[in-house]
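**Student:** Got a structure for you, written out below as structure tokens; questions coming shortly.
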Amino acid sequence: MLRHGGAILRACLEHVGAMAAPGITTGQLDAAAETFIRDHGAQPAFKGYQGFPATICASVNEQCVHGIPGHRVLLEGEILSIDCGVWLHEFYTDACITVPIGRVSAEAMALMDATQGALAAALAALKAGARVGDVSHAIQQYAEKRGYSPVRSLTGHGVGRQLHDVPDIPNAGTAGTGAVFPMHTVVAIEPIIAAGDSAVMQEADGWTIRTRDCSLCAHFEHTVVVEKGGCTVLA
């Protein structure tokens, strides 16, 4: 059931990510995501969750998470994080990609590459018997070695019957500490990495969180199931 929902979610992100281009609005991308999910027999997990008004979180440039899609027109050179969730068979999956809008700077591409690398490093550290701190440390080490800042106040999390469940999985931490991951735990691992300082603030809409210094931020996320020797990506 989780694989089914995860496959719909991953396909939705690929579909919407391919649409993201100069001149399109974040609201148009949101409408496309909702249509895609419903056409595949699932429900948008984010829409209405704690009052969130949309299917995707569309976070541009310095916005880290929870950007509300709307009339904003995407411009050449920006980066866009598209975070989305699916509810199907009474289970949630949650995933995110960050995409370039047209041609972007080498600095923006390097940040996105490093964030994807941090996610890969985290998944390499995740297996039954590993601790939360092992995964958090892998993200932190990968990002900081490349000169970037993991956003410490935003975390990955358990997912499944609930959209957000225990444990919280910070993007920085100490190896060998924290809760142990049992077999078959389902979690969302989501490095959120800033090009500048890791401090963040909430915008006036009450949802969008951005870097305080307005530096670029990238976000990649997979829902995974923990197994004996590693983990399997579901979305």
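Every read-out reported here was derived from the displayed coordinates using simple, explicitly stated rules and does not represent laboratory data. Since this is a predicted model, take the numbers as computed values, not measurements. All Cβ positions, glycine included, derive from the backbone under ideal geometry; neighbour counts span all protein chains shown.
**Student:** Loop-only GluC sites (Glu not before Pro) in the range 40-97, please: DSSP not H, G, I, E or B, and at most 11 other Cβ atoms within 10 Å. Spell out each step's value before the answer.
**Tutor:** Numbers: sites: 62, 76, 78, 90; in loops: 62, 76, 78, 90.
Listed in order of number, the matching sites are 90.
**Student:** Please work out the Cα center distance from the range 27-71 to the range 160-235, rounded to the nearest Å.
**Tutor:** 18
**Student:** Continuing with this model, one more query. Once you measure Cβ to Cβ distances between cysteines in the chain, which Cys have no partner under 4.7 Å?
**Tutor:** 12, 57, 84, 96, 214, 231
**Student:** Calculate the dipole size of the chain relative to its Cα centre from +1 charges on Lys and Arg beta carbons and -1 charges on Asp and Glu beta carbons; express the result in debye to the nearest 20.
**Tutor:** Numbers: 15 positive and 23 negative charges, 94 e Å.
So the magnitude is around 460 debye.
**Student:** List the lysines whose Cα lies under 26 Å from the Cα of residue 228, skipping any in the same chain that are fewer than 8 positions away.
**Tutor:** Leaving aside lysines fewer than 8 places away in the same chain, those within reach of residue 228 are 127.
**Student:** Pick out, in residue order, every one of the GluC sites (Glu not before Pro) in the range 136-225 that is DSSP loop and has at most 14 other C-beta atoms within 10 Å; say none if there are none. Working shown, then result.
**Tutor:** Details: sites: 144, 203, 221; in loops: 203.
In loop regions of the range 136-225 (DSSP not H, G, I, E or B), the sparsely surrounded GluC sites (Glu not before Pro) are 203.
**Student:** What residues of the range 197-226 lie in the reach of a label at residue 168, counting those whose backbone N is under 15 Å from a point 7 Å from the Cα along Cα→Cβ?
**Tutor:** 200
**Student:** Something else: Quick one: which residues, 5 or more positions from residue 54 or on another chain, have an amide H under 5 Å from its amide H? H modelled 1.01 Å from N in the peptide plane, none for Pro or chain starts.
**Tutor:** For residue 54, the qualifying residues are 48.
**Student:** On to the next question. Kindly provide the trypsin sites (Lys or Arg not before Pro) of the range 46-140 that DSSP labels as loop, not H, G, I, E or B, and whose Cβ sees at most 14 other Cβ atoms within 10 Å. Don't skip to the end; give the middle numbers.
**Tutor:** On the way: sites: 47, 72, 103, 127, 131; in loops: 47, 72, 103, 127.
Sparse-neighbourhood loop trypsin sites (Lys or Arg not before Pro): 103.
**Student:** How large is the helix-only mean residue ellipticity at 222 nm for the chain, computed as the sum of -39500 (n - 2.57) over DSSP H runs with n ≥ 4, divided by its residue count, in deg cm²/dmol to the nearest 500?
**Tutor:** Values: 4 runs with 66 residues, N = 235.
Result for the chain, helices only: -9500 deg cm²/dmol.
**Student:** How much FRET efficiency would the formula 1/(1 + (r/R0)^6) give for residue 107 and residue 35, where r is the Cβ-Cβ distance and R0 is 41 Å, rounded to 0.05?
**Tutor:** On the way: r = 34 Å, r/R0 = 0.83.
Computed FRET efficiency for residue 107 and residue 35: 0.75.
**Student:** At a Förster radius of 25 Å, what calculated FRET efficiency corresponds to the Cβ-Cβ distance of residue 175 and residue 212, to the nearest 0.05?
**Tutor:** Details: r = 28 Å, r/R0 = 1.12.
E(calc), rounded to 0.05, equals 0.35.
**Student:** GNM, the chain, Cα, under 10 Å: largest mean-square fluctuation among 222, 184, 137?
**Tutor:** Looking only at 222, 184, 137, the biggest GNM fluctuation is shown by 184.
**Student:** Using the Kyte-Doolittle scale, which helices in the chain average at least 1.0 and also have C-alpha atoms spread 18 Å or more along the helix axis, with helices defined as whole DSSP H runs? The partial results should precede the final answer.
**Tutor:** On the way: long enough: 2-19 (26 Å, 0.54); 26-39 (20 Å, -0.27); 106-125 (28 Å, 1.08); 132-145 (20 Å, -0.51).
Passing helices, by number: 106-125.
**Student:** Considering the zone a paramagnetic label at residue 50 would reach in this model (a point 7 Å from Cα along the Cα-to-Cβ line), which residues of the range 190-213 have amide N under 14 Å from it?
**Tutor:** From the range 190-213, the list is 202-203, 206-209.
**Student:** Also, I was wondering about something else. Considering the options 177, 25, 187, tell which one lies farthest towards the positive end of the dipole of the range 2-233, charges being +1 on Lys and Arg and -1 on Asp and Glu at the Cβ, about the Cα centre.
**Tutor:** Result: 177, furthest along the dipole toward the positive end.
**Student:** So who's got an amide H within less than 5 Å of the one on residue 234, skipping anything under 5 residues away but keeping other chains? H placed 1.01 Å off N, in plane.
**Tutor:** 223, 224, 225
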